[in-house]
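Down below is the structure, laid out as structure tokens.
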Amino acid sequence: MKRNYYSVSQITKYQQCGMKYYYHYVEGRPVRPISDYALHGSSIDDAANSHFDGVIENDKGHTISQFVDKAVDFHDTNVDKYELVATKDKSESRDRVSILGKTYHISYAKKFDPMITQYKVHEQHNNHKDFIGYVDLLTVDAKVVDNKVKKSMPMTQETMQNVLSRDLQLVKYADMTDMDTVGMAVVTNTKNPKAEYFEATVTKQDKVITNKLIKRVTDAIEANVFTPTDSQNWWCSAKWCDFWDTCDFGKRRK
Ligand code: SF4
């Protein structure tokens, strides 16, 4: 699965484990089906994009029932490609998307003044490759906003200010769009979802450090340096690593 560009997901995969990056992007080994957690997030993303596109085009977004229908349509079209982990069957998975959609709409449908959704950011990274990404939402008041359906509410507002200003994706996208405010619109993927919006200012130094970090990672990739993570880390496990069964540094170390 060699790519002729870099992306945030490649960099974060490498940061988690160099061997994970190697198996996936260099050797192209197959990965397990993605869980319904990802499906639920994508269903909400799809409905949110459609809603904010409507606001941008004719100042008319979705009603709550239109929003939920859109999210559920996406779910039903794609559910067979995902492994059900968060929910026990397709019906429960669809119900979860419905309540997540309601929660998102109540909390965020009117919160943002949208300028563009799914904005493609693209720059030359080095002589070999470009860097590409897609921003969930850019707002008229110059914010880079990411929708996140998370297993639990991350942290307090205060803690999240520090987290967001170091978030590789948000800071890189803020740099690529020349914006200084980043936000995360969170909905928890639980039976009774909660919603909370977090925001932070990104400094010039945050952007410089993030770009240095990305360069370090891509220099290592281009030098064929792929170091395994510490096998005691939680993600180096059967549950969290697709390559656990075959990796020398995973199962065989047991
Ligand atoms: S089993 Fe551990 S060391 Fe091997 S690829 Fe997975 S996370 Fe990395």
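Of the candidates S91, S107, the single residue that is crowded, with 16+ Cβ neighbours inside 10 Å and of a type in the set (G, A, S) is S107.
Would you say S237 is within 16 Å of the ligand (Cβ to nearest atom), without any contact (Cβ under 8 Å) to a residue 24 or more places away in the chain and farther than 30 Å from S93 by Cα? Outline the logic, then answer.
Details: within 16 Å of the ligand (Cβ to nearest atom): yes; without any contact (Cβ under 8 Å) to a residue 24 or more places away in the chain: yes; farther than 30 Å from S93 by Cα: no.
Answer is no for this residue.
Considering the conditions (1) of a type in the set (S, T, N, Q); (2) under 22 Å from Y14 (Cβ atoms); (3) assigned to a helix (DSSP H, G or I), N126 is excluded by exactly one of them, (3). Of all residues in region 144-161, those satisfying the criterion of being touching a residue at least 24 places away in the same chain (Cβ under 8 Å) and more than 19 Å from N49 (Cβ to Cβ) are K151, S152, M153, P154, Q157, M160, Q161. Would it be correct to say that V163 is within 20 Å of the chain's Cα centre (by Cα), hydrophobic (A, V, I, L, M, F, W, C), modelled with pLDDT of 95 or more and under 25 Å from Y14 (Cβ atoms)? It is false that V163 is within 20 Å of the chain's Cα centre (by Cα), hydrophobic (A, V, I, L, M, F, W, C), modelled with pLDDT of 95 or more and under 25 Å from Y14 (Cβ atoms). Of everything in region 14-53 that's in contact (Cβ under 8 Å) with a residue 40 or more places away in the chain and of a type in the set (S, T, N, Q), which residue is farthest from the ligand (Cβ to nearest atom)? Per the stated criteria, the residue is N49. For region 141-254, the helices (runs of 4 or more DSSP H) that sit wholly inside it and include 1 or more residues that are farther than 27 Å from Q124 by Cβ are 157-164.
Please verify whether A223 is within 16 Å of the ligand (Cβ to nearest atom), surrounded by fewer than 16 Cβ atoms within 10 Å (Cβ to Cβ) and on the phi < 0 side of the Ramachandran plot, treating the condition exactly as stated.
Working: within 16 Å of the ligand (Cβ to nearest atom): no; surrounded by fewer than 16 Cβ atoms within 10 Å (Cβ to Cβ): yes; on the phi < 0 side of the Ramachandran plot: yes.
Taking the combined requirement at face value, the residue does not satisfy it.
Filter region 166-177 down to the residues that are touching a residue at least 40 places away in the same chain (Cβ under 8 Å) and in contact with a Ser or Thr (Cβ under 7 Å, 6 or more places away or on another chain) and list them by number.
Selection gives L168, K172.
Tell me the residue from I11, I56 that is surrounded by 14 or more Cβ atoms within 10 Å (Cβ to Cβ) and either more than 16 Å from the ligand (Cβ to nearest atom) or without any contact (Cβ under 8 Å) to a residue 40 or more places away in the chain (or both), please. Going through I11, I56 in turn, the sole match is I56. Does A185 satisfy the criteria of being surrounded by fewer than 18 Cβ atoms within 10 Å (Cβ to Cβ), touching a helix residue (DSSP H, G or I) at 6+ places or on another chain (Cβ under 8 Å) and of a type outside the set (S, T, N, Q)? For A185, the condition - surrounded by fewer than 18 Cβ atoms within 10 Å (Cβ to Cβ), touching a helix residue (DSSP H, G or I) at 6+ places or on another chain (Cβ under 8 Å) and of a type outside the set (S, T, N, Q) - is not met.
The values are calculated or read from the model by the stated rules, or taken from the named source; none is laboratory data. This one's a predicted model, so the numbers in the text were calculated from it and none came from an experiment. Every residue, glycine among them, receives a Cβ derived from its backbone with ideal geometry; neighbour counts consider all protein chains shown.
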